[in-house]
Amino acid sequence: MKATGAVHKYGDNIDTDVIIPARYLNTSSHSELASHCMEDIDKDFLGRVKPGDIMVGGWNFGCGSSREHAPIAIKAAGIACVIAKSFARIFYRNSINTGLAILECEEACDKIQPGDQVEVDFDTGVIRNLTRSESYQARPFPEFIKRIIDCGGYLNSLRG
């Protein structure tokens, strides 16, 4: 499984309140959540994002509250994968549970720039920066996580 898209890059400690502000948590509509994704930190995000794009962050991406609305909003906005130096543990688990692909790779996060075209191979963990002709190695998903992501989330994976 692969994803290819343009990069939307953010820094360290991007918390769930920045990903989806608390004032929008009164809905469970994925499209409504997506329509407010990143708006407090990047007003132009929704105008730039295309299905399949890649989000890159720094250390402790997804810190803050334990809401699963954050990975849902990112995924529903069209992001195919988030690459960060590290993820807050609850965000990591919520991402897998909701079917949002995430990878940790410090080198990729340091070298990839906003707008770069990036290809991610989830089977090998290879992240290719097509713009800069560079490759970086992340740890690939274990088989059980690949299955959850492929099914679109944990509950879908249980349905077979």
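Residue check, ILE148 against (1) assigned to a loop (DSSP other than H, G, I, E, B); (2) farther than 16 Å from LYS2 by Cβ, all met but one. Which one?
Only one criterion in (1) assigned to a loop (DSSP other than H, G, I, E, B); (2) farther than 16 Å from LYS2 by Cβ is unmet by ILE148, namely (1).
Six or more apart or on different chains, Cβ atoms under 9 Å: show the pairs whose first residue is in region 67-83 and more than 12 Å from GLY152 (Cα to Cα) and touching a residue at least 40 places away in the same chain (Cβ under 8 Å) and whose second is of a type in the set (Lys, Arg) and surrounded by fewer than 24 Cβ atoms within 10 Å (Cβ to Cβ).
Matching pairs, first to second residue: GLY78/LYS50.
Which one is farthest from the chain's Cα centre (by Cα) among residues in region 30-75 that are on the phi > 0 side of the Ramachandran plot and buried (at least 20 other Cβ atoms within 10 Å of the Cβ)?
Looking only at region 30-75, we keep the residues that are on the phi > 0 side of the Ramachandran plot, and these are 38, 52, 60, 62, 64.
Filter again for buried (at least 20 other Cβ atoms within 10 Å of the Cβ), leaving 38, 62.
Working: MET38: 12, GLY62: 10 Å.
Ranking the qualifying residues of region 30-75, first place goes to MET38.
Failed condition for TYR92, given (1) on the phi < 0 side of the Ramachandran plot; (2) part of a loop (DSSP other than H, G, I, E, B); (3) of a type outside the set (Val, Ile, Thr), with all others met?
Going through the list (1) on the phi < 0 side of the Ramachandran plot; (2) part of a loop (DSSP other than H, G, I, E, B); (3) of a type outside the set (Val, Ile, Thr), TYR92 breaks only (2).
Determine whether region 102-113 contains at least one residue that is free of Cβ contacts under 8 Å to residues at least 60 places away in the same chain, under 26 Å from THR131 (Cβ atoms), of a type in the set (A, V, I, L, M) and in a loop (DSSP other than H, G, I, E, B).
No, region 102-113 contains no residue that is free of Cβ contacts under 8 Å to residues at least 60 places away in the same chain, under 26 Å from THR131 (Cβ atoms), of a type in the set (A, V, I, L, M) and in a loop (DSSP other than H, G, I, E, B).
Select from region 98-147 the residues that are of a type in the set (Val, Ile, Thr) and under 18 Å from GLY52 (Cα atoms) and list them in ascending order.
First, pick out the residues of region 98-147 that are of a type in the set (Val, Ile, Thr): 98, 102, 112, 118, 120, 124, 126-127, 131, 145.
Once the filter is applied, which keeps residues that are of a type in the set (Val, Ile, Thr) and under 18 Å from GLY52 (Cα atoms), region 98-147 yields THR98, ILE102, ILE112, VAL118, VAL120, VAL126, ILE127, THR131.
Search region 7-29 for residues that are exposed (fewer than 15 other Cβ atoms within 10 Å of the Cβ) and pair each with any residue that is not aromatic (Phe, Trp, Tyr) when their beta-carbon atoms are under 7 Å apart and the residues are at least 6 apart or on different chains.
GLY11/GLY58; ASP12/GLY58; ASP12/ASN60; THR27/LEU33
If you scan region 88-98, which residues turn out to be surrounded by fewer than 24 Cβ atoms within 10 Å (Cβ to Cβ) and closer than 15 Å to VAL56 by Cα?
Within region 88-98, ALA88, TYR92 meet the criteria.
Going through region 99-158 one residue at a time, which ones are open to solvent by less than 60 Å² (accessible area, probe 1.4 Å) and at positive phi?
GLY99, GLY115, GLY125, GLY152, GLY153
Quick one: in region 117-142, of everything that is in a loop (DSSP other than H, G, I, E, B) and β-branched (Val, Ile, Thr), which residue is modelled with the highest pLDDT?
The initial filter retains those residues of region 117-142 that are in a loop (DSSP other than H, G, I, E, B), namely 122-125, 130-133, 138-142.
Filter once more, keeping what is β-branched (Val, Ile, Thr): 124, 131.
Working: THR124: 94, THR131: 98.
The qualifying residue modelled with the highest pLDDT is THR131.
Among the residues of region 107-123, is any of a type in the set (Val, Ile, Thr), more than 25 Å from ARG147 (Cα to Cα) and out of contact with any Cys (no Cβ under 6 Å at 6 or more places or on another chain)? Step through it out loud before you land on a result.
Quick first cut of region 107-123, residues of a type in the set (Val, Ile, Thr) only: 112, 118, 120.
Pick out the ones that are also more than 25 Å from ARG147 (Cα to Cα) and you get 112.
After this cut, where a residue has to be out of contact with any Cys (no Cβ under 6 Å at 6 or more places or on another chain) as well, the list is 112.
Within region 107-123, one or more residues are of a type in the set (Val, Ile, Thr), more than 25 Å from ARG147 (Cα to Cα) and out of contact with any Cys (no Cβ under 6 Å at 6 or more places or on another chain).
The values are calculated or read from the model by the stated rules, or taken from the named source; none is laboratory data. Predicted model only: the values in this text are computed from it and were never measured. In this analysis, Cβ positions are derived from the backbone assuming ideal geometry, glycine residues included, and neighbour counts consider all displayed protein chains. The protein model used for the area step is the full one, side chains on, heavy atoms only, and it has no ligands, DNA or RNA in it. Shrake-Rupley method; radii C 1.70, N 1.55, O 1.52, S 1.80 Å.
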